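Visitor: Got a structure for you, written out below as structure tokens; questions coming shortly.
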Amino acid sequence: MTAPSSQPVSLRRTVTTAGLFFFILGDVLGAGVYVLAGEIAATAGGAVWIPLVVALVLALLTAGSYAELATKYPRAGGSSHYTMRAFGPFVGFLVGFCMLSAGIVSVGTLALGFAGDYLTAFVTLPTALVVVVFLGLLAALNARGISESMGANRVATIIEVSGLILVVVLGIIVVARGDGDLGRLTELGTDDHGPLPAVLAGTVLAFYSYVGFETSVNIAEETKDPARSYPRALFGALIVAGVVYALVGAAAATVIPTAALAESSAPLLQVVTAAGIVPPVLFSVIALVAVANGALLTGIMSSRLTYGMARDGLLPAVLTRLLPQRRTPWVAIIATTGLSLVLALTGTLEILAGTMVLLLLVVFTAVNAAVLVLRRDPVDRRHFRVPAFLPVAGIVSCLGLVTQVEGEVWRLGLPFLALAAVLAGLAAWRRRARPAHTSERDETGPEASHETSGPGTEPAP
């Protein structure tokens, strides 16, 4: 593994507050919401909105830690970089590997989702062909540039939000004409779960729907004014997503009987069908846009995280190569897309999704701990600061959710974490065997000057 250059080239700063808001909102309001209501109803009962609200509160706790660290160290690498600074290269690689793996797994999962039932409503094609073409097009857009990707994300996010608002409106219409049942909104618990266990089990599923906000820290280096933009975009997007989720969950629960909702793999499509006003095929289009948008944003995160870890010396230096004109990490994009392709062609939706949840809970626990440790590391730039009790509460919430992860997921996830630990040990040993490089402390170098020179300043080529 070759040490990266002592003077790394920075990514181009073009992302505005609005662009970052839509990036986070589009990533959170991803494909998961289209099956979310049915899964939560199966474990929590008709009061689908309660686990969604609880999960939002827990997500905001960890989001506070990300807001502080992303504005304190605005650079690609995200969770890996923060934990490396706090705990050293072993933990930094372990967390980065978990985060990177979760992103790659997510893109592969979404590629399979895109090739599934929603697409077959229009055309029937071999799954492998759809996956290859889908991931190839996403990689090309990613390599084209962050501005072009953000533009596509804005359009897709508007479509996604419009579709979810449509579900809420249709739910209101169904209730108004006397076909819904508002009483189901207070039905908490199932035959297998009492009220409290139902909330806990449902919150684990609901928390999955909020993951995605953490991907945005990897484009902080491409944000014009991170200290101002990032907290506003992050908290604003999460709150908007939480409100939308709660309303969508309430609409689905009032329109569709709980038993039918729990058995459905497309609960929101059931709401559209029950209303009988909008052609169901329209919602299939919206679902495909949601899946594609989620895959695009997660692919951006994965490539930027790979680039950042390589610049920290935790991955081969070849992954830091940028396109000369576009300044996008083309080698990292090819590598991450290729791994997602392998997973999509060999894995299943259920296994990949379960592994992703476990990996991200490990990441969130470490990041919440890192923000407390890094209070001893002052920087010469203004940044967001979260009250100390919130990261502590974030750690407790993540550990609590880990206890709710099913045994089958643990049996699949533990070997994966063991591999991450072995690779982390190897990376830490190799890193200690060579001289430190200046990119470890680059916050006092070129990037700091970009921050202090003004929000619109772009790095030198």
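Visitor: Taking into account only those residues within region 392-412 that are assigned to a helix (DSSP H, G or I) and β-branched (V, I, T), which is nearest to L361 (Cα to Cα)?
Guide: Taking region 392-412 first, the residues assigned to a helix (DSSP H, G or I) are 392-402, 407-412.
Now drop any that are not β-branched (V, I, T), which leaves 392, 395-396, 402, 409.
Details: V392: 14, I395: 9, V396: 11, V402: 7, V409: 13 Å.
Here the answer is V402.
Visitor: Name the one entry in T43, T83 that is under 30 Å from A259 (Cβ atoms), among the hydroxyl-bearing types (S, T, Y), at pLDDT 75 or above and in a helix (DSSP H, G or I).
Guide: On the way: T83 fails: under 30 Å from A259 (Cβ atoms).
On inspection, the qualifying residue turns out to be T43.
Visitor: Only one of R432, R441, R411 is modelled with pLDDT under 90, under 25 Å from A70 (Cα atoms), surrounded by fewer than 19 Cβ atoms within 10 Å (Cβ to Cβ) and among the charged types (D, E, K, R); which? Let's see the steps before the verdict.
Guide: On the way: R432 fails: under 25 Å from A70 (Cα atoms); R411 fails: under 25 Å from A70 (Cα atoms).
On inspection, the qualifying residue turns out to be R441.
Visitor: Go through region 251-265 and give me each residue that's open to solvent by 20 Å² or more (accessible area, probe 1.4 Å) and either in a loop (DSSP other than H, G, I, E, B) or of a type in the set (G, A, S) (or both). Lay out the reasoning, then the answer.
Guide: Going through region 251-265, the residues open to solvent by 20 Å² or more (accessible area, probe 1.4 Å) turn out to be 257-260, 262-265.
Passing the criteria: P257, A259, A260, A262, S264, S265.
Visitor: L360: assigned to a helix (DSSP H, G or I), more than 20 Å from the chain's Cα centre (by Cα), buried (at least 17 other Cβ atoms within 10 Å of the Cβ) and touching a residue at least 60 places away in the same chain (Cβ under 8 Å), yes or no? Reasoning before the result, please.
Guide: Working: assigned to a helix (DSSP H, G or I): yes; more than 20 Å from the chain's Cα centre (by Cα): no; buried (at least 17 other Cβ atoms within 10 Å of the Cβ): yes; touching a residue at least 60 places away in the same chain (Cβ under 8 Å): yes.
For L360, the condition - assigned to a helix (DSSP H, G or I), more than 20 Å from the chain's Cα centre (by Cα), buried (at least 17 other Cβ atoms within 10 Å of the Cβ) and touching a residue at least 60 places away in the same chain (Cβ under 8 Å) - is not met.
Visitor: Could you tell me which of the residues A143, A139 is in contact with a Lys or Arg (Cβ under 8 Å, 6 or more places away or on another chain), under 30 Å from P324 (Cβ atoms) and assigned to a helix (DSSP H, G or I)? Don't jump to the end; show me each part of the working.
Guide: Numbers: A139 fails: in contact with a Lys or Arg (Cβ under 8 Å, 6 or more places away or on another chain).
A143 is the lone residue from the list that is in contact with a Lys or Arg (Cβ under 8 Å, 6 or more places away or on another chain), under 30 Å from P324 (Cβ atoms) and assigned to a helix (DSSP H, G or I).
Visitor: Output the residues belonging to region 267-280 that are open to solvent by 10 Å² or more (accessible area, probe 1.4 Å), at pLDDT 85 or above, in a helix (DSSP H, G or I) and of a type outside the set (S, T, N, Q).
Guide: The one that is open to solvent by 10 Å² or more (accessible area, probe 1.4 Å), at pLDDT 85 or above, in a helix (DSSP H, G or I) and of a type outside the set (S, T, N, Q): A274.
Visitor: Have a look at G313, G299, G294, G308 and point out the one that is under 25 Å from the mean Cα position of the chain (by Cα), closer than 20 Å to L52 by Cβ, open to solvent by less than 30 Å² (accessible area, probe 1.4 Å) and of a type in the set (G, A, S). Break it down into steps so the answer makes sense when it comes.
Guide: On the way: G313 fails: closer than 20 Å to L52 by Cβ; G299 fails: closer than 20 Å to L52 by Cβ; G308 fails: closer than 20 Å to L52 by Cβ.
Criteria check complete, one pass: G294.
Visitor: Working only within region 221-243, note down all residues that are assigned to a helix (DSSP H, G or I) and open to solvent by 20 Å² or more (accessible area, probe 1.4 Å). Steps first, answer last, please.
Guide: Filtering region 221-243 down to residues assigned to a helix (DSSP H, G or I) leaves 221-222, 226-243.
Once the filter is applied, which keeps residues that are assigned to a helix (DSSP H, G or I) and open to solvent by 20 Å² or more (accessible area, probe 1.4 Å), region 221-243 yields R228, R232, F235, G236, I239, V240, V243.
Visitor: Checking the conditions here, which among A353, A366, A393, A344 is of a type in the set (G, A, S) and open to solvent by 30 Å² or more (accessible area, probe 1.4 Å)?
Guide: A393
Visitor: Something else: Exactly one condition in (1) assigned to a loop (DSSP other than H, G, I, E, B); (2) in contact with a Phe, Trp or Tyr (Cβ under 9 Å, 6 or more places away or on another chain) is false for V373; which is it?
Guide: Of (1) assigned to a loop (DSSP other than H, G, I, E, B); (2) in contact with a Phe, Trp or Tyr (Cβ under 9 Å, 6 or more places away or on another chain), only one is false for V373: (1).
Visitor: Considering only region 145-180, state which residues are modelled with pLDDT under 90, of a type outside the set (A, V, I, L, M, F, W, C) and surrounded by 16 or more Cβ atoms within 10 Å (Cβ to Cβ).
Guide: Listed by number, the residues that qualify are G145, S149, N153, R154, T157, E160, G163, G180.
Visitor: Would you check if there is a residue in region 20-37 being part of a helix (DSSP H, G or I), open to solvent by less than 10 Å² (accessible area, probe 1.4 Å), of a type in the set (F, W, Y) and touching a residue at least 12 places away in the same chain (Cβ under 8 Å)?
Guide: yes
Visitor: For L323, are the conditions met, namely being aliphatic (A, V, I, L, M) and assigned to a helix (DSSP H, G or I)?
Guide: Numbers: aliphatic (A, V, I, L, M): yes; assigned to a helix (DSSP H, G or I): no.
In short, no.
Let's see how each residue does on (1) over 25 Å from V33 (Cα atoms); (2) surrounded by 24 or more Cβ atoms within 10 Å (Cβ to Cβ); (3) of a type in the set (A, V, I, L, M); (4) under 19 Å from the mean Cα position of the chain (by Cα):
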{"residue": "A55", "(1), (2), (3), (4)": "no, yes, yes, yes"}
{"residue": "A70", "(1), (2), (3), (4)": "yes, yes, yes, yes"}
{"residue": "F90", "(1), (2), (3), (4)": "yes, no, no, no"}
{"residue": "G96", "(1), (2), (3), (4)": "yes, yes, no, yes"}
{"residue": "T109", "(1), (2), (3), (4)": "no, yes, no, yes"}
{"residue": "F114", "(1), (2), (3), (4)": "no, yes, no, yes"}
{"residue": "F122", "(1), (2), (3), (4)": "no, no, no, no"}
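Visitor: So, of the residues in region 316-331 that are touching a Pro at 6+ places or on another chain (Cβ under 8 Å) and without any contact (Cβ under 8 Å) to a residue 24 or more places away in the chain, which turns out to be most open to solvent (accessible area, probe 1.4 Å)?
Guide: Per the stated criteria, the residue is R321.
The values are calculated or read from the model by the stated rules, or taken from the named source; none is laboratory data. Everything numeric here is computed off the predicted structure, so don't read it as measured data. Note: ideal-geometry Cβ built from the backbone for every residue, glycine included; neighbour counts use all protein chains shown. Keep in mind that these areas ignore ligands, DNA and RNA; they rest on the heavy atoms of the full protein, side chains included. Shrake-Rupley method; radii C 1.70, N 1.55, O 1.52, S 1.80 Å.
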